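Enquirer: Got a structure for you, written out below as structure tokens; questions coming shortly.
Throughout, read-outs are computed from the coordinates displayed, never taken from laboratory work. Keep in mind that what you see is a predicted model, and the values were worked out from it rather than measured. Here the Cβ is made from the backbone with ideal geometry for all residues, glycine too, and neighbour counts use every protein chain on show.
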Amino acid sequence: MRLTVKEVLQRNIMHGAIIKTSRSSLLDNPVESISVMEMPVENFVRRNEWVLSTGVGCGHNSLLFCDFVQALIDSGAACLAVATGRHIREIPAEAIQLADKNDMPLIEIPWHIRFADIMKMVLRELDQRRDHLASFSWDTQKALLQMILQGSNLTKLAGVMQRKLGNPVLFVDRKGEVMGSSPAAQRLLQFWRDQMRDVHNSIVHPYPIQSAFHNYSQGEWKRVDLPENTCIEVPIRSAQKQQGSLFLLLPKIPAEEEPLQREEQIYLDHAATAAAFCYLQENAAIETESRLKSDFIWSLAKGEITSEEMIKSRGSALGYETSCPYVCILGEAEHKIGKREPANSPLWEIIDEVAYAGRAVHRHIMTSHQPDRLVIYLEVPMDRIVDTVQSFLDILEGRLHERFPDFSVSWGVGENRAGVHTFHQSYQAALSALNIGRRHKSSGTRYFHFDTGLYRALEQLAEHPDIKEITWSAMSRLFDYSQLRGIDLIETFNSYLRNQCNVSQTARELNLHRQSLLYRLRKIESLTGRSLMNPDDLFLLQLSIKLWAGKQ
């Protein structure tokens, strides 16, 4: 309970004090400290400080006294009490109007009242209230934590809080899911559903919680003013992360007023701490279940579980429907401006978006997060495998682009091995598609197994001894010359092929003079012993370059 100007004036020692300002509401200003102050004020007065003064230095200069009053107003003083009779006979009317206009009570006290007695009384009152708040804080913390340690959940905690505060309470997690609510929280629940509906219908990702709240004075607390209510949000933190939020629905509070008393703030603070224990317990259970699910999916991918009966029983225990046809999709994230960074990649957080995309296409999803890649099994109709995968990845990539703009994800799809209980085969096909695609194409692309047919054939061909000899004899000389002279003959040849052996078009693409390009082409012929005019030699050089690139 805070001390106010009105309560100080009600004490016996203040008998004879006269309130000069007209608005009685100003007497509700809180008093947090007290001091004696004369001109100049500068920065010596704190906010909510009761200021005692004799007005010495102002004399009969009303403008100078008004400057003194204005300086106290700017400092946020709780009030100004002036002892009249020696230095100031009467408080100027201009100063009274100024104080009234700026919400600072101006009080006249008799000269005989000693400032020391007033200060002693106020400091004693403040100490008593601080002792009361400390005792209240300790008792509240002990009671709430004891309740949680005895097994109470967030719904029961919300009910206890409603009985204590007299207002509905709601708990949500960081994903926006309701974790608990008090009995009379229907309006608060509707408010939260409206908030989440607005967020989900936009491109912006709903995590962390997006809302119309503006900053509230109590740290990271926030408030929103509804047509008929005021709502307070208190973040719930543990392990240095926001796990969710506590919402308290109040009657309509004017925007300029503090919506909560100090005791209520303390109670909410300790309630958020108690709730954090509930979130930790809930998160521990969720993480254990997620780990079991991930291990099960990874075992399927590696082919460690082959019995259909075991797959069905273990999958059912974890909430999976394993009798449907699935296709394996592998995801690998990397930073757009650098190399792959598995430790810093957002793959773990992508799982939330994978679940959302699965719901959007109305398909079952099974996922496993591994250190360097994400394993996804997507339920598919066997007659529309590719279309279903494309729709799923379109939704997923759209949301990932908004949430992780600095990362790109490459996908490998084992669509040729999709089916019922073909988890290992589809994984192997997806892994092959991902690895080949990343070697031969740009990152952040989808690689279906069908699209890698040429490269798979080349990889098999590259192992033949005669092909190895042909490739090495041609490419090693081109590569060594390019390194030595700083001229990329391999890119020159590729550009020549892209432009259908047209010298003029190739020169324009490479920004070279025609004669310079012809020199490079003759150099390719002399180093490889092959003629670019001979179709067979041209094909053999092209094949050698592709095989060479596949080994790099």
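Enquirer: By its C-alpha gyration tensor, with a ≥ b ≥ c as the square roots of the eigenvalues, how is the chain shaped: rounded for a/c under 1.5, else prolate for a/b larger than b/c, else oblate?
Expert: Verdict is prolate for the chain.
Enquirer: How high is the relative contact order of region 407-452, in percent, counting Cα pairs under 8 Å that sit 6 or more residues apart?
Expert: Averaging sequence separation for qualifying contacts and normalising by length gives 52 percent for region 407-452.
Enquirer: Give the peptides 377-390, 399-412, 114-127 in descending order of average Cβ contacts within 10 Å, highest first.
Expert: So the order, starting with the most tightly packed, is 399-412, 377-390, 114-127.
Enquirer: How about K546: which aspartates and glutamates have a C-alpha closer than 13 Å to its C-alpha, ignoring those fewer than 8 places off in the same chain?
Expert: E459, E491
Enquirer: Relative contact order of the chain: what whole-number percent is it, with Cα pairs under 8 angstrom and at least 6 residues apart?
Expert: With pairs under 8 Å counted, the relative contact order is 8 percent.
Enquirer: Can you bin region 147-193 into rounded, prolate or oblate? Criterion: square roots of the alpha carbon gyration tensor eigenvalues sorted a ≥ b ≥ c, rounded for a/c under 1.5, prolate for a/b above b/c, oblate for the rest.
Expert: Oblate, because a/c is 1.5 or more while a/b does not exceed b/c.
Enquirer: Can you give me the distance in nm between label points at Q483 and A360, each placed 7 Å from the Cα along the Cα-to-Cβ direction?
Expert: Each label point is offset 7 Å from its Cα along the Cβ direction, giving 4.6 nm.
Enquirer: Using the structure shown, list the pairs from K164/K252; K6/K101; K156/K252; K175/K293; K101/K252; K142/K252 with a Cα-Cα distance above 23 Å, or answer none.
Expert: K156/K252; K101/K252; K142/K252
Enquirer: How would you order 492-500, 64-72 from highest to lowest mean count of nearby Cβ atoms within 10 Å?
Expert: Result, highest mean Cβ count within 10 Å first: 64-72, 492-500.
Enquirer: What spacing in nm lies between the two simple spin-label points modelled at Q390 and S443, each 7 Å away from Cα in the Cβ direction?
Expert: 2.6 nm
Enquirer: Still on this structure: Please give the length that would be gained between I253 and W111 if that part of the chain were fully extended, namely 0.36 nm times their separation in residues minus their C-alpha to C-alpha distance (nm, one decimal).
Expert: 47.1 nm
Enquirer: Have a look at the DSSP beta bridges in the chain and tell me what percent are antiparallel, nearest 5.
Expert: 75 percent
Enquirer: A further question on this structure: Given N residues in region 262-313, what is Rg(Cα) / (2.2 N^0.38 Å)?
Expert: 2.03
Enquirer: Follow-up. If you filter region 229-331 for GluC sites (Glu not before Pro), then keep DSSP loop positions with at most 14 other Cβ within 10 Å, what is left?
Expert: Passing sites in region 229-331 are E256, E257, E304, E321.
Enquirer: Over all directions, the average projected area of the alpha-carbon convex hull for region 1-134 comes to how many nm²?
Expert: 7.4 nm²
Enquirer: Once you put a point 7 Å from the Cα of S504 and another 7 Å from the Cα of N102, both along the Cβ direction, what distance in nm separates them?
Expert: 8.3 nm
Enquirer: Relative to the present Cα-Cα distance, how much length would full extension add between M147 and E38 at 0.36 nm per residue of separation?
Expert: Result for the pair: 34.0 nm of gain on full extension.
Enquirer: Compute the orientation-averaged projected area for region 303-451 from the convex hull of its Cα atoms and round it to one decimal in nm².
Expert: 8.4 nm²
Enquirer: A further question on this structure: If contacts are Cα pairs under 8 angstrom and at least 6 residues apart, what is the relative contact order of region 1-53 in percent?
Expert: The normalised contact order for region 1-53 reaches 34 percent.
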